[in-house]
Amino acid sequence: MTSPSVSPGPVPSRGTEPREGPAAQGIAALANAGWQILLTMGLATIALGVIALVWPGETLRVVGVLFGVYLLATGVFQLAAAFGTHVPRHLRVLHFISGAASVLLGLVCLRGPLESVFLLALWIGFGWLLRGTLETVAAASDETMPGRGWHVAFGIIGTMAGIVMIVMPFASITTLTLVAGIMAIVVGLTEVVRAVSTRAELGRLAAGTASRRRPLFHARPHPQH
């Protein structure tokens, strides 16, 4: 009397190996492109930081021109929005005035490097002053705010930095450029290290996948009784 045989189920044929699907290949390609983009951005950031430290004057001129182009483009869009049908009537005058002022300031920035640097310093100074003042007032008026002391401290520092930027625009903007250059180099080095570590991790994962891809023992069909 023969015992009933137990079918082991479908058995892969000898010599066949699992293949990666399109999804796995796409993820691998995306990860490979990710560390390359991160490395490129890190090197570009380091280059910008070095340029800002070596040629701060030229960097300020370029930044001033870009600031002028930004103001000019913003003013043109605001002027176009002032004549749009979706804008309420009571806001059209505000859009028109702010757009005309932005266009005028943009033209002043493009006129010369000194004007652009001066307006950029004032822009940053008033921004810091307004933000620091609002943060200080909000933290001082709300006793339940988490980290209230830190908010008050940062608000006071931002307010003082804004006042210094407005009072001494040229010296402050030059110092700010040097600080930005140092920060750019530090950030760029960090991105390069992250890219290299990501590439090494991807290499280890690929090596582990390749070692698991070929099994040591092949399953054989169970003999029938």
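Determine ³J(HN,Hα), in whole Hz, for all residues of the stretch 76-82 in sequence, where each value follows from phi through the Karplus function 6.51 cos²θ - 1.76 cosθ + 1.60 and θ = phi - 60°; x replaces Gly and Pro.
Per-residue couplings from phi come out as 5, 5, 5, 5, 5, 5, 5 Hz.
Roughly what would the spin-label model give for ILE163 and VAL179, points 7 Å off Cα along C-beta, in nm?
Modelled inter-label distance: 1.6 nm.
Tell me, in nm to one decimal, what length is gained between THR190 and VAL62 on full extension, where the rule is 0.36 nm per residue of separation less the Cα-Cα distance? Walk me through the numbers on the way to the answer.
Numbers: separation 128, 0.36 × 128 = 46.08 nm, distance 2.55 nm.
Result for the pair: 43.5 nm of gain on full extension.
In percent, what relative contact order does the stretch 113-187 have, based on Cα pairs under 8 Å that are 6 or more apart in sequence?
Computed over the stretch 113-187, the figure is 39 percent.
Apply the Karplus curve 6.51 cos²θ - 1.76 cosθ + 1.60, θ = phi - 60°, to the phi angles in the stretch 92-107 and return the couplings in whole Hz, x for Gly and Pro.
5, 5, 5, 4, 5, 5, 5, x, 5, 5, 5, 5, 5, 5, x, 5
Could you order MET41, MET165 so the one with the most accessible surface comes first? Probe is 1.4 Å.
MET41, MET165
Leaving out ligands, DNA and RNA, and with a 1.4 Å probe, what % of the accessible surface on the stretch 71-207 is carbon or sulfur? Walk me through the intermediate numbers first.
Values: 6780 of 8830 Å².
Of all accessible area on the stretch 71-207, carbon and sulfur atoms account for 77 percent.
Going by average Cβ neighbours within 10 Å, how do the peptides 60-67, 150-157 rank, with the highest at the top?
60-67, 150-157
Under the Karplus relation 6.51 cos²θ - 1.76 cosθ + 1.60, θ = phi - 60°, what is the ordered set of whole-Hz ³J(HN,Hα) values for the stretch 47-59, x standing for Gly and Pro?
Each residue's phi maps through the Karplus curve to give 4, 5, x, 5, 4, 5, 7, 7, 10, x, x, 5, 5 Hz.
The values are calculated or read from the model by the stated rules, or taken from the named source; none is laboratory data. What you see is a predicted model, and the numbers here were worked out from it, not measured in a lab. Neighbour counts are summed over all protein chains in view; Cβ atoms, including those assigned to glycine, are modelled from backbone coordinates with ideal geometry. Surface accessibility is based on the protein's heavy atoms, side chains included, excluding ligands, DNA and RNA. Shrake-Rupley method; radii C 1.70, N 1.55, O 1.52, S 1.80 Å.
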